[in-house]
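Okay, structure first, notes after.
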């Protein structure tokens, strides 16, 4: 494996867990995301991308435009462009899911944080 591919596969740690970018192409991006028990991502939305989440392991509660949707291993959900969304690990083991992003821009600065457990509202760098 060359150094560029290895660098793309490094874990990017966050206060709630970590993710690994599996594919980063002009028309899509794929991440493997791990959320620690009891933790949740920020309530956020994106202007440039939609997301598809597929639960690989664990139990989750997804908030999608003010609706709470429980998910478990083998289940999926679509997050449209502009929808307010977050995911919480409601289980006792790590929650693992695959995120497929589609749109015209996939940068982390396309995250508009509406609420956050870690004081990152409107911060685009973490």
Checklist entry - Considering region 61-80 alone, what residues qualify as being within 26 Å of residue 105 (Cβ to Cβ) and surrounded by 15 or more Cβ atoms within 10 Å (Cβ to Cβ)? => result 62, 63, 64, 77, 79
Next on the checklist: If residue 13 meets every condition in (1) assigned to a strand (DSSP E or B); (2) under 20 Å from residue 122 (Cα atoms); (3) in contact (Cβ under 8 Å) with a residue 24 or more places away in the chain apart from one, which number is that one?
Outcome noted: (3)
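So is residue 100 within 23 Å of residue 117 (Cβ to Cβ), modelled with pLDDT of 95 or more and out of contact with any helix residue (DSSP H, G or I) (no Cβ under 7 Å at 6 or more places or on another chain) or not? I'd like the intermediate steps shown before the answer.
On the way: within 23 Å of residue 117 (Cβ to Cβ): no; modelled with pLDDT of 95 or more: yes; out of contact with any helix residue (DSSP H, G or I) (no Cβ under 7 Å at 6 or more places or on another chain): yes.
Criteria not met by residue 100.
The values are calculated or read from the model by the stated rules, or taken from the named source; none is laboratory data. What you see is a predicted model, and the numbers here were worked out from it, not measured in a lab. So basically every Cβ, Gly included, is an ideal-geometry build from the backbone, and we count neighbours across all protein chains shown.
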